[in-house]
Every structure is written in structure tokens, then in C-alpha cells.
Amino acid sequence: MNAVDSSLDAAPIADWRSYPISADLVNLVPASDALDTHWSDGRVSPFHYQWLRDNCACGQCVYSVTREQLFEIVDVPEQLHPQRTRIDEQGHLLIDWQDGHHSRFHPGWLRAHAYDEVSRAERRAQRPQSQLWGAEMSEQLPQFDYQAVMADDDALLQWLLAVRDIGLTQLRGVPTTEDVLPALAKRISFIRESNFGVLFDVQSKADADSNAYTSFNLPLHTDLPTRELQPGLQFLHCLVNDATGGESVFVDGFAIAEALHQEAPELFHTLCETPIEFRNRSRNSDYHRLAPIIALDAYGVVSEIRMGNFLRGAFDAPVERMPALYSAYRRFIAMTREPRFRVQRRLDAGQLWCFDNRRTLHARTEFDPASGARHFKGCYVDRDELLSRIHVLQR
């Protein structure tokens with residue numbers, strides 16, 4: 001239900017999503033600083049009065065066009081209390097405040113935002129979970145049809161969910177013209193530009209400004225670890241691949257981090273806690289970033305891998321921690337070389353890789369440029385754009 005129909009000047013809920021009613025409000029028990037709401041399934045959710053007033057969605061508190069908040073909590077007394085609370089015939093929570101303001105809360109929205117321990121645990125369990133993978137992905141690679149993704153939003157959503165949860169996908173049946181990649185990327189959102197351009201050509205160049213633009217072996221890495229925010233998604237579209245060698249190699253950085261956590265937790269924590277300098281210097285640019293190889297999110301879950309040995313500066317750590325840092329770093333790279341984690345496949349003309357660059361490390365075996373042409377077209381789209389597109393498609 002997107003809108004609240006109220007005689008109390010209520011406006012649409014300050015959100016564009018729908019909130020199904022999974023349980024009904026059955027009783028309200030006021031306390032000194034909070035309202036205990038009792039649900040039909042037996043759950044009790046306390047809501048502090050400041051929280052309730054802060055989340056009022058009436059037309060005075062939220063602008064109905066943008067659904068963005070106008071009200072600021074500092075504009076009401078800190079010790080505010082309801083004058084009256086009740087449940088209306090539609091099951092909404094109604095509150096009359098001491099200053100004459102009125103609030104109405106949809107039960108589906110209220111339950112979705114309840115912050116009692118059970119409700120918060122329920123939301124955490126519903127968060128998307130990364131599906132870790134290893135060498136078996138060679139046989140289980142998620143593959144999607146280009147024409148379907150371009151024409152059908154349901155097919156687009158299934159592809160994007162695989163990118164989000166697995167971090168490695170392949171599209172097939174992709175036309176081998178240079179105008180295809182930007183159109184595909186824009187099915188998600190706008191393309192992220194870098195010093196390599198909006199689009200970049202991955203092919204051997206005599207005046208290469210990156211090891212990617214050579215023909216020799218390129219070790220496992222994430223692109224642009226030298227930036228404050230590494231690109232989220234990377235696209236590599238094969239226009240032609242007649243050269244000998246040059247196979248794509250992938251490992252799931254999250255799976256390696258999890259295995260390291262289980263097998264050598266002290267080394268895992270070293271890579272989470274020790275910042276490493278990454279740098280990328282060319283004739284016209286000079287990028288530096290100090291960050292750990294393994295980053296955790298607000299829940300303590302691995303959210304990002306940052307790796308590029310050929311873009312790494314000298315380690316700078318306290319004397320007593322330097323041996324531990326090298327032990328952890330060596331172990332991580334050694335694990336990326338273990339067959340249990342590696343996927344190695346050739347990308348042929350008309351095929352395209354799309355993977356999570358902040359999770360999936362990629363590499364390329366050496367190829368012989370004299371044996372035939374090899375030309376990939378690439379671009380980046382940030383992870384935020386992926387998640388936003390998924391949310392809109394799911395709505």
C-alpha cells in the first residue's frame with residue numbers, strides 16, 4: 001500500500017515501496033517514553049515517542065511530491081508525549097500529539113520498520129546473501145541471453161540479481177558492434193567514467209598506460225583499487241578473439257576471505273585492519289588510495305576486496321606488524337592460485353562478462369598478439385546503480 005488515506009491531513013508514506021500487512025495491530029500500551037504495540041501474532045514492538053513523531057508522514061512533515069522529509073525532530077520538545085493513541089477501522093495507528101499535531105501509521109510500514117530485537121533479526125535474515133563459489137562455477141556459470149535482457153524487464157531483473165548475489169555472469173548472443181556495450185550498461189544506469197574513458201578498449205598497445213593493455217599474463221586483481229570507490233560492475237564485451245591464449249580467470253574474493261577467516265582468522269583480521277597503499281601513475285594521472293584489502297560493512301560482513309599487486313605501493317606498517325602483514329598478504333595471493341577457487345574460461349566473440357569488481361578478482365592468461373586479433377570493449381557501472389535498478393524493478 002503506497003498511500004495513507006486519512007482525514008487527518010495524512011500524505012503518502014514517505015517511500016515509494018509497498019508494505020504488505022503481515023500482522024494486525026491489536027493493542028497499544030503507553031509507557032513513559034514509548035508506545036508498546038501488540039501484534040496479532042504475539043509480537044510486541046516498542047516505539048519511542050520521538051521515533052514516532054520523527055517518522056510522521058503527514059503533508060506537513062513530508063513533501064508528497066518527492067516523499068522527502070520536511071520535519072526536523074529538533075523542532076518539537078524532547079520530552080514529547082501523545083495526548084491520545086488508538087487503532088482505526090483500517091488498522092492504522094493514530095496519534096494525537098500534545099501540540100495538536102496528528103500522525104497516522106500504516107501497519108505494514110510500521111511492522112517493516114519495527115526495531116524490537118525479533119523484528120531487527122528478521123530484517124537481517126531477509127538481507128540479500130552472497131552466494132559463495134569456487135571452481136565449480138565453471139560448470140554453473142549464470143548465463144543470460146542478450147536480446148532477452150534488452151527487451152524484457154523480468155529477464156533484466158534475473159540477470160541483475162545474479163550479478164548482485166553471485167558476482168559473475170555471462171551474456172551470450174551479443175552483437176559484435178561497438179555501440180552495443182553502452183546501450184546494455186544503460187539498461188542499468190549511467191556509465192562511470194574514469195581516466196581510461198567512458199568506454200575502454202582492452203587490447204595490446206605499444207604505448208600502454210596499464211598492464212591490461214599488454215599481451216602478457218595479468219594476475220588476479222580488482223580494477224582501480226587506487227580510487228576511493230572502486231567501480232562496482234565491470235563489463236567486458238568480446239568483439240573479436242582469434243589470438244592464442246588470453247583466457248579469462250576469476251576467483252570469488254568473498255569466498256577466499258571466508259576461507260581465510262575460517263583457516264587463519266588472525267591473517268584475515270590483519271587484512272581487514274591494515275591499510276595498504278595502491279597507486280596508479282601514468283604520464284597524465286597519479287592516483288593513490290590507502291585502504292585495507294578486505295573491507296567489512298556495518299554488519300561485520302565482507303563487502304569489498306581491494307587487490308592489484310601491480311598497482312601496490314611499498315607496505316607502510318609498524319615494525320612489529322610488518323611480518324604479520326606479509327604473512328597475510330602472501331596467504332591471500334597463494335589462495336587465489338589454488339585450483340579450488342579458480343574459474344578459467346575463454347571469452348569468444350559475441351559473449352560478454354559482467355561481474356562485481358569489488359568482489360570478483362579477474363585475470364588474463366598470456367596471449368600471442370601475432371596469432372590473431374583480440375579486442376574487448378569495457379566499461380564500469382557503480383554498484384549503487386545496480387542496487388537501485390533492482391529495487392525499482394522489484395517495485
Test Ala373 against the criterion of being farther than 25 Å from Leu311 by Cα, assigned by TED's automatic domain parsing to the domain that holds Leu181 and modelled with pLDDT under 95, and give yes or no.
-> yes
If you go through segment 1-45 one residue at a time, how many are acidic (Asp, Glu), assigned to a loop (DSSP other than H, G, I, E, B) and at pLDDT 85 or above?
-> 3
Out of (1) within 22 Å of Leu168 (Cβ to Cβ); (2) at pLDDT below 95; (3) surrounded by fewer than 21 Cβ atoms within 10 Å (Cβ to Cβ); (4) of a type in the set (Gly, Ala, Ser), the one Ala259 does not meet is (2)
What single numbered condition from (1) touching a Gly at 6+ places or on another chain (Cβ under 8 Å); (2) farther than 17 Å from Gly232 by Cβ fails to hold for Val149?
-> (1)
Which condition number in (1) closer than 24 Å to Gly350 by Cα; (2) modelled with pLDDT of 95 or more; (3) touching a Phe, Trp or Tyr at 6+ places or on another chain (Cβ under 9 Å) is the one that Arg227 fails?
-> (1)
Subset tally (residues that are in contact with a His (Cβ under 6 Å, 6 or more places away or on another chain) and in contact (Cβ under 8 Å) with a residue 60 or more places away in the chain) for segment 266-288 | 1
Does Phe332 qualify as being more than 24 Å from Thr270 (Cβ to Cβ) and surrounded by 15 or more Cβ atoms within 10 Å (Cβ to Cβ)?
-> no
Of (1) modelled with pLDDT under 95; (2) buried (at least 19 other Cβ atoms within 10 Å of the Cβ), Thr365 satisfies every one except (2)
Between residues in segment 367-395 that are under 16 Å from Pro231 (Cβ atoms) and residues that are hydroxyl-bearing (Ser, Thr, Tyr) and not in a loop (DSSP other than H, G, I, E, B), which pairs lie under 8 Å by C-beta distance while being six or more apart or on different chains?
-> Tyr380/Ser194
Considering Asp316, Asp348, which residue is modelled with pLDDT of 95 or more, among the acidic types (Asp, Glu) and in contact with a Leu (Cβ under 9 Å, 6 or more places away or on another chain)?
-> Asp316
Lone qualifier among Asp145, Asp154 - being surrounded by fewer than 16 Cβ atoms within 10 Å (Cβ to Cβ) and more than 23 Å from Phe250 (Cα to Cα) = Asp154
Could you tell me whether Glu385 is of a type in the set (D, E, K, R), assigned to a helix (DSSP H, G or I) and under 26 Å from Asp201 (Cβ atoms)?
-> yes
Restricted to segment 64-85, and to residues that are in contact (Cβ under 8 Å) with a residue 24 or more places away in the chain and hydroxyl-bearing (Ser, Thr, Tyr), which residue is nearest to Asp36 (Cα to Cα)?
-> Thr85
Out of curiosity, is Leu80 more than 27 Å from Trp16 (Cβ to Cβ) and surrounded by 15 or more Cβ atoms within 10 Å (Cβ to Cβ)?
-> yes
Condition test on Gly108, is it under 34 Å from the mean Cα position of the chain (by Cα) and under 14 Å from Ala23 (Cα atoms)?
-> yes
Members of segment 74-97 that are among the β-branched types (Val, Ile, Thr) and farther than 14 Å from Asn55 by Cα = Thr85, Ile87
Criterion: among the hydrophobic types (A, V, I, L, M, F, W, C), in a loop (DSSP other than H, G, I, E, B) and under 16 Å from the mean Cα position of the chain (by Cα) - qualifying residue of Ala298, Ala349, Ala314 = Ala298
Identify, from the list Phe250, Phe341, Phe332, Phe310, the residue that is of a type in the set (Phe, Trp, Tyr), within 17 Å of His362 (Cβ to Cβ) and out of contact with any helix residue (DSSP H, G or I) (no Cβ under 7 Å at 6 or more places or on another chain).
-> Phe250
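The values are calculated or read from the model by the stated rules, or taken from the named source; none is laboratory data. Everything quoted here is computed from the prediction, not taken from an experiment. Please note: Cβ atoms are built from the backbone with ideal geometry, for glycine as well, and neighbour counts cover all protein chains shown.
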